[in-house]
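The values are calculated or read from the model by the stated rules, or taken from the named source; none is laboratory data. Computed from a predicted structure; not experimentally measured. Cβ sites come from the backbone with ideal geometry, for glycine too, and all protein chains shown count toward neighbours.
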Amino acid sequence: MRKSGKQVYVVYPAALFDGWEVVKEHDDSPVFFGAREEATSYANARAAMDGGALVKLENWFGDTECAWEILAPEGSVVTA
């Protein structure tokens, strides 16, 4: 499912606290949220800002429950 050059945002349950985290794949700086809906909205917005990306929702065990692609907003210019 991964396309070459696409960023991937991962939404997953926080390990030490109640809540959810979002991290760009291969980045060590997760962003914490109190609710899954907030984390998912943030990941979708960041994916759109990046000119399109994949978003994965993982469960407590690190298994991917679902994934979707966010396309670049209409009228945006994406440079490689």
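Structure data summary
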{"quantity": "Residue match in segment 63-70 (condition: at pLDDT below 95 and either within 14 Å of the chain's Cα centre (by Cα) or in a loop (DSSP other than H, G, I, E, B) (or both))", "calculated": "no"}
{"quantity": "Residue satisfying all of: in segment 27-40; out of contact with any strand residue (DSSP E or B) (no Cβ under 8 Å at 6 or more places or on another chain) and over 15 Å from GLU58 (Cα atoms); surrounded by the most Cβ atoms within 10 Å (Cβ to Cβ) among these", "calculated": "ASP27"}
{"quantity": "Leading residue by the ranking (modelled with the highest pLDDT) among those in segment 1-25 that are part of a loop (DSSP other than H, G, I, E, B) and over 18 Å from ASN59 (Cα atoms)", "calculated": "LYS6"}
{"quantity": "Filtered residues of segment 43-56 (kept if surrounded by fewer than 18 Cβ atoms within 10 Å (Cβ to Cβ) and part of a helix (DSSP H, G or I))", "calculated": "ASN44, ALA45, ARG46, ALA48, MET49"}
